[in-house]
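Visitor: Sharing a structure with you now.
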Amino acid sequence: MTPEEFRKTILPEGRRLYALAFRYLNNREEAEDTVQEVMMKLWAERNRKRDYASPAAWCTIVTRNHCIDTLRKKKRILFRDISEANNSTGYGTYHPGESDDQEAVQMISSIVSRMKEPYRSAVILRDMEGYSYEESAEAMQTSINTLRTILSRARKNIREEMEKLYNYGTGEDKRTARQV
């Protein structure tokens, strides 16, 4: 791959890679550093790109693996705080029902942060980042059918954890029901 091809195909992926790294690392500086390190690694291995169907999948795999390595080194797993995300985008006004939605999203993020691989990656790539099944499967280096199975199990785990904290179907909060 020539420098010009790299500039046209890989560098435009930087923003998407930053968002992915931020989801994993929950830290802006670490996400920026990760993208820089990933770009250097992609440049060093630019001829290996042909092993993947698309440059986006290749970039995603390298970024995901780098983030997982970083988290393993730190022995911590965090995801971005939803309220911080809302404040940074300027949506500070009250909307009816919004606080319940935010609480649910925070609970789901907390559950996902405690999941083991490959469940965590599948949920992040497919449900949080919005990748297609094909892109997610390629990024995780697995088949689409395997990805569907992983997602099904991960989503079941999320539902079960949510039901422990909040009776999702009836809307009755188990924490308050015990107090009554």
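The values are calculated or read from the model by the stated rules, or taken from the named source; none is laboratory data. Everything quoted here is computed from the prediction, not taken from an experiment. FYI the Cβ positions are ideal-geometry reconstructions off the backbone, even for glycines, and counts take in every protein chain you see.
Visitor: Looking at the range 6-45 only, could you name the residues that are over 17 Å from Ala139 (Cα atoms) and touching an Asp or Glu at 6+ places or on another chain (Cβ under 8 Å)?
Guide: Within the range 6-45, just Asn26 meets the criteria.
Visitor: While we're on this one: (1) surrounded by fewer than 12 Cβ atoms within 10 Å (Cβ to Cβ); (2) part of a helix (DSSP H, G or I); (3) at pLDDT below 90: which one isn't true of Met40, the others all being true?
Guide: It fails just one condition, (3).
Visitor: Only one of these is within 13 Å of the chain's Cα centre (by Cα), hydrophobic (A, V, I, L, M, F, W, C) and part of a helix (DSSP H, G or I): Ala154, Ala122. Name it.
Guide: After ruling out the rest, the residue left standing is Ala122.
Visitor: What's the total number of residues in the range 136-153 that are touching a residue at least 40 places away in the same chain (Cβ under 8 Å) and surrounded by fewer than 19 Cβ atoms within 10 Å (Cβ to Cβ)?
Guide: 1
Visitor: Yes or no: Tyr18 without any contact (Cβ under 8 Å) to a residue 60 or more places away in the chain and under 16 Å from Ile68 (Cα atoms)?
Guide: Yes; evaluated as a whole, the condition is true for this residue.
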